[in-house]
Amino acid sequence: SGKEAVRKYETGEYDVIFMDHMMPEMDGVEAMKRIRQVAAENGKDPIVIALTANALSGARDMFMKEGFDAFIAKPIDIKLVMKEIRRIKEESK
C-alpha cells in the first residue's frame with residue numbers, strides 16, 4: 001500500500017523507489033509526494049520511478065508533472081529501467 005511505502009521509507013535507506021500508481025489506502029502519487037516531503041526534511045533526494053499498467057497517451061506527462069523522475073509501463077523491461085536510472089543520474093550532475 002502507499003501508506004506502507006511511506007513507512008518503509010521513513011525507517012529505511014532507499015536511493016531508488018519504484019512506485020506503483022494504483023495501491024490501496026494511498027495511491028502512488030500521494031505516497032511519492034509524502035516520501036519527497038520526508039526526504040527533503042532529511043536532506044535526501046531519492047529517485048522515484050512510477051510503474052503502471054496505464055500506458056495511455058498522456059500518462060507519462062501526468063506522472064512527470066506530479067513529480068516522478070521517470071515513468072515505466074508494465075510489463076517492466078529491465079533494460080529500460082537501467083536506461084532511465086542512468087538518464088536521471090546524468091541529469092542530476
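The values are calculated or read from the model by the stated rules, or taken from the named source; none is laboratory data. Since we're looking at a predicted model, the values are computed, not measured. Positions of Cβ are generated from backbone atoms using ideal geometry, with glycine treated the same way; all protein chains shown enter the neighbour counts. Heads up: the accessible areas ignore ligands, DNA and RNA and are worked out on the full protein's heavy atoms, side chains in. Shrake-Rupley method; radii C 1.70, N 1.55, O 1.52, S 1.80 Å.
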Say we look at the range 65-93 and pick out the residues that are open to solvent by 100 Å² or more (accessible area, probe 1.4 Å) and over 21 Å from Asp15 (Cβ atoms); which of these is modelled with the lowest pLDDT?
-> Pro75
Please go through the range 36-64 and pick out each residue that is surrounded by 13 or more Cβ atoms within 10 Å (Cβ to Cβ), within 22 Å of Met82 (Cα to Cα) and in contact (Cβ under 8 Å) with a residue 12 or more places away in the chain.
-> Arg36, Pro46, Ile47, Val48, Ile49, Ala50, Leu51, Thr52, Asn54, Ala59, Phe63
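When you scan the chain for helices (runs of 4 or more DSSP H) that lie fully inside it, which ones turn up with 1 or more residues that are among the β-branched types (Val, Ile, Thr)?
Where helices (runs of 4 or more DSSP H) fall fully within the chain and carry at least 1 residues being among the β-branched types (Val, Ile, Thr), they are 2-11, 28-41, 78-91.
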Taking interchain pairs and intrachain pairs at least six residues apart, which have beta carbon atoms under 7 angstrom, with the first residue in the range 69-80 and closer than 21 Å to Met32 by Cα and the second open to solvent by 80 Å² or more (accessible area, probe 1.4 Å) and not in a loop (DSSP other than H, G, I, E, B)?
-> Phe71/Arg60
Those residues that are over 12 Å from the mean Cα position of the chain (by Cα) and open to solvent by 40 Å² or more (accessible area, probe 1.4 Å), I need them from the range 2-33; list them, please.
-> Lys3, Glu4, Arg7, Lys8, Glu10, Thr11, Glu13, Met22, Met23, Pro24, Glu25
